[in-house]
Amino acid sequence: MKKIILLFMIIMSLNTWAQVFSGTNAGQFLKIEVGAKAIGMGGAFVSLANDASSVYWNPAGISRLEGSAASFSHNYWIADTKHDFAAIILKLGSMHAIALSYTSLSMADMKVRSEFFPEGTGEFFSAGDFALGLSYGLSLTDHFSIGFTAKYIGENIWHMSASTFAFDLGVIYITPIEGLQLGMSIANVGGNMKFEGSDSFVNYTFDPLQSGNNQKLYADLKMDQWELPMFFRFGISMKILNTETNSIILSADANHPNDYSESINTGIQYGFRERVFLRAGYKSLFKKESQEGLTAGVGLVYYITEFIPIKVDYAYADFGILNQVHRISVEIGF
């Protein structure tokens with residue numbers, strides 16, 4: 001446990017150093033949170049991490065799931081974009097689990113415009129982002145779990161693309177205090193992203209005043225490299241009521257990104273007979289110029305058979321001047 005905490009501290013020191021000397025980061029779609037259950041609780045989920053969206057919040061959670069599961073979500077995101085997430089988790093006994101996940105942000109094709117053709121040249125371009133992850137979770141004891149995710153990240157716009165590899169690390173600790181859990185995770189530790197492609201090719205005139213100069217000398221623009229949006233989360237949750245009929249969970253997460261100010265997420269969940277859930281939360285407390293705020297959600301669990309549950313979750317999130325975002329997630333256990 002001490003070695004794991006020391007590893008987090010080392011990575012966080014590198015994270016802070018990068019924050020001082022870095023500018024705008026690539027891979028901003030990695031900040032879009034997944035899972036209607038987590039979002040309904042204000043994104044305060046790193047210490048709970050008890051559904052398939054754990055691969056995003058804290059991969060240590062996948063080893064603590066009751067069984068294997070598959071999760072899907074499709075959301076209409078801000079500015080007419082679409083955000084999709086899918087994950088499949090396979091339990092390997094009571095202590096181990098592996099998971100495969102896919103996240104994407106896409107948009108409809110757009111017209112290519114120029115100063116001479118403001119209504120379009122007749123061409124169209126597309127842009128999109130994706131991340132493909134492979135996770136492993138291990139419950140070292142009944143109280144302590146650890147998890148890792150390795151992922152391949154890609155972005156593209158028209159004829160340009162960028163890609164890199166990154167990893168996530170997370171731990172969950174169930175304390176001796178009944179109902180109290182702690183969680184930590186750090187995400188997107190990896191290489192920089194650099195766009196490459198035919199759109200960076202130019203015809204270069206070395207010296208227009210020199211006779212015999214080649215006006216069609218092919219050159220490639222030097223593109224800059226950009227860091228990923230690495231961030232650290234620390235969370236705490238407490239089940240303050242736990243009976244056969246009713247349950248109440250309070251949770252809070254502290255977030256430290258490498259490209260913006262720190263913030264706190266808070267959430268609450270009420271459960272009735274482990275079949276119906278009501279959730280509420282508040283996101284991005286103390287975050288500078290944040291448009292996020294109130295969240296709310298509901299969840300339903302229905303058992304097709306004794307061992308095959310279907311979980312449907314809905315979440316609402318207020319984004320201020322950017323209006324609201326609605327999310328629906330479906331998870332099937334097997």
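The values are calculated or read from the model by the stated rules, or taken from the named source; none is laboratory data. Note that the structure is predicted; figures quoted are calculated from it, not measured. Backbone-built Cβ (ideal geometry, glycine too); neighbour counts: all protein chains shown.
Laid out as a table, the results:
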| item | result |
| --- | --- |
| Criterion: touching a residue at least 24 places away in the same chain (Cβ under 8 Å), part of a strand (DSSP E or B) and over 20 Å from LEU182 (Cβ atoms) - qualifying residue of SER104, SER94 | SER104 |
| Residue selected from segment 122-154 under the condition over 28 Å from MET193 (Cβ atoms) and without any contact (Cβ under 8 Å) to a residue 60 or more places away in the chain, by the criterion surrounded by the fewest Cβ atoms within 10 Å (Cβ to Cβ) | GLY122 |
| Residue among GLU227, GLU155, GLU196 that is within 18 Å of the chain's Cα centre (by Cα) and under 22 Å from PHE125 (Cα atoms) | GLU155 |
| Segment 57-84: number of residues that are more than 20 Å from ALA296 (Cβ to Cβ), within 13 Å of the chain's Cα centre (by Cα) and not polar (S, T, N, Q) | 2 |
| Among (1) at pLDDT 95 or above; (2) surrounded by 15 or more Cβ atoms within 10 Å (Cβ to Cβ) - the single one THR175 does not satisfy | (2) |
| Within segment 119-140, considering residues that are modelled with pLDDT under 95 and of a type in the set (Ser, Thr, Tyr), the one nearest to the chain's Cα centre (by Cα) | SER126 |
| Residues (aromatic (Phe, Trp, Tyr) and part of a strand (DSSP E or B)) located in segment 113-152 | PHE124, PHE125, PHE130, TYR136, PHE144, PHE148, TYR152 |
| Complete set of residues in segment 60-79 that are among the charged types (D, E, K, R) and assigned to a helix (DSSP H, G or I) | ARG64 |
| Those residues of segment 90-112 which are in contact with an Asp or Glu (Cβ under 9 Å, 6 or more places away or on another chain) and surrounded by 13 or more Cβ atoms within 10 Å (Cβ to Cβ), in sequence order | LYS91, TYR102, THR103, SER104, LEU105, SER106, MET107, LYS111, VAL112 |
| Residues that are β-branched (Val, Ile, Thr) and free of Cβ contacts under 8 Å to residues at least 40 places away in the same chain, drawn from segment 159-185 | ILE174, THR175, ILE177 |
| Subset of segment 258-276 (residues that are without any contact (Cβ under 8 Å) to a residue 60 or more places away in the chain and either within 29 Å of VAL189 (Cβ to Cβ) or among the polar types (S, T, N, Q) (or both)) | TYR260, SER261, GLU262, SER263, ILE264 |
| Long-range neighbours under 7 Å by Cβ, at least six apart or interchain, first residue within 17 Å of ARG273 (Cβ to Cβ) within segment 302-319, second polar (S, T, N, Q) and in a strand (DSSP E or B) | ASP313/SER329 |
